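Right, I'll just put the structure down here and ask away after.
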Amino acid sequence: MKTLPSGARAIPEQRPKISMTLSDSVEHIKGVGPKTAASLEKAGLKTVKDLLYFLPRTYENFTETTQLSEIQPGKVVIKGKISDLTTKRTSRRNLTITEGVIRDTTDAIRVVWFNQPYRANQFDPTKDYYFSGTYDFNRGRYQLTSPKAQLASDVEKKPASNFRPIYSSKGGLKSENFQKIFETLRPEFSFIPDLLPDATPGARADALFKAHFAESEADVASARNYLAYEELFELILAAKLNKLENQKLQATQVPFSPEKIRALVRKLPFRLTNAQRKAAFEIFKDLEKPAPMNRLLQGDVGAGKTVVAALAAFAVASDKKQTALLAPTAILATQHAESLNRLLAPFGIKTALLTGATKHKPELKQRIKNGEVDLVIGTHALLTDDTEFKHLALCIIDEQHRFGVNQRQKLLTKTVESSGKAPHLLMMTATPIPRSLQLAVFGDLDVSILNELPAGRQPIKTTILSEVNLSDLLYPKIREFLAEHQQIYWICKAIDDNPATETKSVKKQTEKLKTLFRTARVEFLHGRMKPEEKDSIMTAFSEGKIDILVSTTVVEVGVNVPNANLMVIEDAEGYGLAQLHQLRGRVGRGSHVAFCYLVTSAEEPSRRLKELERSTDGFYLAEADLKLRGPGEIYGALQHGAMSLRFASLTDSRLISLASREAKKFATLFAKAPTTLDDFPELKSSIKKYQQLTTLN
């Protein structure tokens, strides 16, 4: 298919007899003995495929050298003669330092190697060498530090080596070891099977060949572009195939009763936003379908996801079926239980809280099994084998990224009745997800978005504040808040003091605030405390028994204290935009205007902090975060580590759109027999990891 990324230069034409397959052990490679194989396996490179996809981290380009008269700090490649070499040993740290001078026809610079004394006798002062390394200011002068060196005549008699791959050291093997191994593999590249069904024949082999034997930056860019596309195609196809599999399952159909829903909505103590109405209607229509719902409800902090969940649970209970809501912490589960019971109890809906601290668990679990509880809210206690439901029709998972795939799978599979019908699934997250991330990661889900804040939510005034101005600008504000009996969050990055850093710690800051505000009740909270201790502190804060809560980011998700309207975030530069926005969302939940102070020691605030100061729109900030930092911060909580993209960037919306379009076309083939994924064994094997990652049904 012409629109797909493909190679521009063919791999060598030699075609020896095939000696191995991609799944073979690295020991099948000529010249790789048991010792080298053990080192490769230690580095996670067990098969020929593993090795082929271990790409160079960078390349040395001897075709583009810098004259010494024009040298600038940074990575450089220079050509010249070296002389005046001396080696000395320092008494401090027992270092050997080898120094010399490199000259070309334009100028001379100093060069230094540490703990490489052999360099003093390595060079012929009459011959030219290529040196590649970092030129920077060190030890009171500019110098080239620990460069690699190669005889110019050796480079120039083999033009292909003018552009040389540099591999990361792994398993005790250096870049030179990997270069030799790949040189042995060179004739085998033409037999690498294609992966993508519609790609140009040989495109995968060409891309891998160009990555390892690049002759220019253009080769590198072309190879990585194809491999990134291939990776995105696999990820997105896996999600789309999961969606097809989900549609084959049978679910309990929950009828939509507009009259009952309207009766509930009329009695709510607030007016639903248009976004809430739209999301609820999408969920009601999904619940009516014979295939299980697989929907993600994403909304900005405070957008009212819990109310939408309540409407869904009400619809299910009205049909005499059960709902389970799984929350990541006991604090959040308790808050959900209280608010949902308040909303639904007047309509006869029976709710229950099931956490590790719940008393009389056997009796409660028996009531759940008998169908006497309509809505069960809980933590991981819902996943235990002895928690059974009479007829569970809907599972709601809050902050779904905080649960592993296996946990979600267990909740779903344990609830399937003998009828074989699967429950509907609604996941909620307060992390706004950019469109490109939705396409690539959540392609198996339908998405509802809450992008409006309910009426009555107070604005949050965000201010970047230098730590030198705390006494003049922040402390008077705190005294005002304390006088008005309003509460304060103070966020610190560290739990304990670390003499090696200036990061403020929870414990030290607590003592400082107790000294500054002697009449205030100040307590601390952090993730290493026992669950019952954390619950006790948060309960006291919620009940107004604590004035200033000094905490780590353990309060980031779900805590609702309407009387807390001032947030101070120390060392704000150390957080990502998404996390800062989540933290800020803990305030502004009551009737007062809220304030958030981003404390920084930097002379000039970062773009990240400036974006947060100018906007409270989580969806805008998510897009800004993606551009500023890449997907790590946003996807960090969403199992980024498990996904482990090696080549693709989730900021590349063009490539994602192309991969999404082609994966959708390919996935539709499977809706029509007799085509199956078994017809594409290489692709089937490759996407298995992504199907396991994104399977939610």
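The values are calculated or read from the model by the stated rules, or taken from the named source; none is laboratory data. Bear in mind the structure is a predicted one, so any value in this text is a computation, not a measurement. Cβ: placed from backbone, ideal geometry, glycine included. Neighbour counts: every protein chain shown.
Let's see how each residue does on (1) in contact (Cβ under 8 Å) with a residue 24 or more places away in the chain; (2) touching a helix residue (DSSP H, G or I) at 6+ places or on another chain (Cβ under 8 Å); (3) more than 15 Å from PHE62 (Cα to Cα):
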residue	(1), (2), (3)
THR96	no, yes, yes
ARG103	yes, yes, yes
ASP107	yes, yes, yes
VAL111	yes, no, yes
PHE114	yes, no, yes
ALA120	yes, no, yes
PRO125	yes, no, yes
LEU151	yes, no, no
ASP154	no, yes, no
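So which helices (runs of 4 or more DSSP H) stay within segment 288-400 end to end and still have 3 or more residues that are in the same structural domain as THR429 (by TED's automatic domain parsing), aliphatic (A, V, I, L, M) and within 27 Å of the chain's Cα centre (by Cα)?
Working: elements: 305-318, 330-344, 361-370.
Passing ranges, in order: 330-344.
Report, by residue number, each residue of segment 37-82 that is farther than 26 Å from SER222 by Cβ and not assigned by TED's automatic domain parsing to the domain that holds THR105.
Result: ALA37, ALA38, SER39, LEU40, GLU41, LYS42, ALA43, GLY44, LYS46.
Now for a different question. Please state which one of MET529, MET538 is without any contact (Cβ under 8 Å) to a residue 12 or more places away in the chain and aliphatic (A, V, I, L, M).
MET529
Considering each residue of segment 575-601, count those that are closer than 23 Å to PRO454 by Cβ, not basic (Lys, Arg) and not in a strand (DSSP E or B), and give that number.
Residues in segment 575-601 being closer than 23 Å to PRO454 by Cβ, not basic (Lys, Arg) and not in a strand (DSSP E or B): 12 in total.
A further question follows. Could you grab the pairs with beta carbons closer than 6 Å, sequence gap of 6+ or different chains, first residue in segment 254-271 and assigned by TED's automatic domain parsing to the domain that holds PHE314 and assigned to a helix (DSSP H, G or I), second one at pLDDT 95 or above and hydrophobic (A, V, I, L, M, F, W, C)?
Short answer, once both residue conditions are applied: LEU264/PHE314.
Looking at (1) more than 22 Å from ALA251 (Cβ to Cβ); (2) at pLDDT below 80, find the lone condition where VAL307 falls short.
Unmet condition: (2).
With ASP107, ASP128, ASP154 as the choices, which residue is within 46 Å of the chain's Cα centre (by Cα), outside the structural domain of LEU52 (by TED's automatic domain parsing) and surrounded by fewer than 17 Cβ atoms within 10 Å (Cβ to Cβ)? Step through it out loud before you land on a result.
Numbers: ASP107 fails: within 46 Å of the chain's Cα centre (by Cα); ASP128 fails: within 46 Å of the chain's Cα centre (by Cα).
Sole residue among the options that is within 46 Å of the chain's Cα centre (by Cα), outside the structural domain of LEU52 (by TED's automatic domain parsing) and surrounded by fewer than 17 Cβ atoms within 10 Å (Cβ to Cβ): ASP154.
Return the residue satisfying two criteria in turn: it lies in segment 26-49 and is closer than 12 Å to LEU173 by Cα and polar (S, T, N, Q), and of such residues it is nearest to the chain's Cα centre (by Cα).
Per the stated criteria, the residue is SER39.
Hey, can you tell me all the residues within segment 238-266 that are farther than 30 Å from SER653 by Cβ and touching a Leu at 6+ places or on another chain (Cβ under 9 Å)? Don't jump to the end; show me each part of the working.
As a first pass, look at segment 238-266 and keep what is farther than 30 Å from SER653 by Cβ: 248-266.
Within segment 238-266, ALA251, THR252, GLN253, VAL254, PRO255, PHE256, ILE261, LEU264, VAL265 meet the criteria.
Same structure, new question: Is it fair to say ALA494 is modelled with pLDDT under 95, exposed (fewer than 15 other Cβ atoms within 10 Å of the Cβ) and in the same structural domain as VAL561 (by TED's automatic domain parsing)? Spell out how you get there, then give the answer.
Numbers: modelled with pLDDT under 95: yes; exposed (fewer than 15 other Cβ atoms within 10 Å of the Cβ): no; in the same structural domain as VAL561 (by TED's automatic domain parsing): yes.
So ALA494 does not fit the description; no.
So, one more: Let me spell it out: the conditions are (1) closer than 20 Å to LYS46 by Cα; (2) surrounded by fewer than 19 Cβ atoms within 10 Å (Cβ to Cβ); (3) within 32 Å of the chain's Cα centre (by Cα); (4) in contact (Cβ under 8 Å) with a residue 24 or more places away in the chain, and LYS174 meets all of them except one. Which number is the exception?
All conditions are met except number (4).
Being closer than 23 Å to PHE213 by Cβ, in contact with a helix residue (DSSP H, G or I) (Cβ under 8 Å, 6 or more places away or on another chain) and loosely packed, with under 14 Cβ neighbours inside 10 Å narrows it down to one of THR63, THR47, so name that one.
None of the other options fit; the residue is THR63.
Suppose we keep only residues that are of a type outside the set (S, T, N, Q) and touching a helix residue (DSSP H, G or I) at 6+ places or on another chain (Cβ under 6 Å) within segment 671-697. Which one would you say is modelled with the lowest pLDDT?
Out of the qualifying residues, it is LEU696.
Is it the case that some residue within segment 304-322 is basic (Lys, Arg), within 21 Å of ALA279 (Cβ to Cβ), buried (at least 23 other Cβ atoms within 10 Å of the Cβ) and touching a residue at least 12 places away in the same chain (Cβ under 8 Å)?
So far as segment 304-322 goes, yes, one or more of its residues are basic (Lys, Arg), within 21 Å of ALA279 (Cβ to Cβ), buried (at least 23 other Cβ atoms within 10 Å of the Cβ) and touching a residue at least 12 places away in the same chain (Cβ under 8 Å).
Yes/no per residue for (1) closer than 18 Å to PHE209 by Cα; (2) of a type in the set (Lys, Arg); (3) touching a Leu at 6+ places or on another chain (Cβ under 8 Å):
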{"position": "LYS148", "(1), (2), (3)": "no, yes, no"}
{"position": "ARG164", "(1), (2), (3)": "yes, yes, no"}
{"position": "SER175", "(1), (2), (3)": "yes, no, no"}
{"position": "ILE181", "(1), (2), (3)": "yes, no, yes"}
{"position": "ARG186", "(1), (2), (3)": "yes, yes, no"}
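Mind listing whichever residues of segment 181-237 are modelled with pLDDT under 90 and farther than 25 Å from ARG654 by Cα?
GLU183, THR184, LEU185, ARG186, PRO187, GLU188, PHE189, SER190, PHE191, ILE192, PRO193, GLU215, listed by residue number.
Scan (1) among the hydroxyl-bearing types (Ser, Thr, Tyr); (2) over 13 Å from LYS79 (Cβ atoms); (3) in contact (Cβ under 8 Å) with a residue 24 or more places away in the chain; (4) in contact with a Phe, Trp or Tyr (Cβ under 8 Å, 6 or more places away or on another chain) for the single condition TYR130 breaks and write down its number.
Failing condition for TYR130: (2).
Filter segment 516-557 down to the residues that are among the aliphatic types (A, V, I, L, M) and part of a loop (DSSP other than H, G, I, E, B), then identify the one that is modelled with the lowest pLDDT.
Top of the filtered list is VAL557.
Please enumerate the residues belonging to segment 558-597 that are of a type in the set (Gly, Ala, Ser) and at pLDDT 90 or above.
Within segment 558-597, ALA564, ALA572, ALA594 meet the criteria.
Please determine, by comparing only the residues of segment 376-422 that are β-branched (Val, Ile, Thr) and modelled with pLDDT of 65 or more, which one is farthest from THR351 (Cα to Cα).
The qualifying residue farthest from THR351 (Cα to Cα) is THR384.
Additional query: Checking GLY299 against (1) without any contact (Cβ under 8 Å) to a residue 60 or more places away in the chain; (2) within 24 Å of ASN274 (Cα to Cα), which test does it fail?
(1)
Within segment 602-621, is there a residue that is in a helix (DSSP H, G or I), at pLDDT below 90 and of a type in the set (Phe, Trp, Tyr)?
yes
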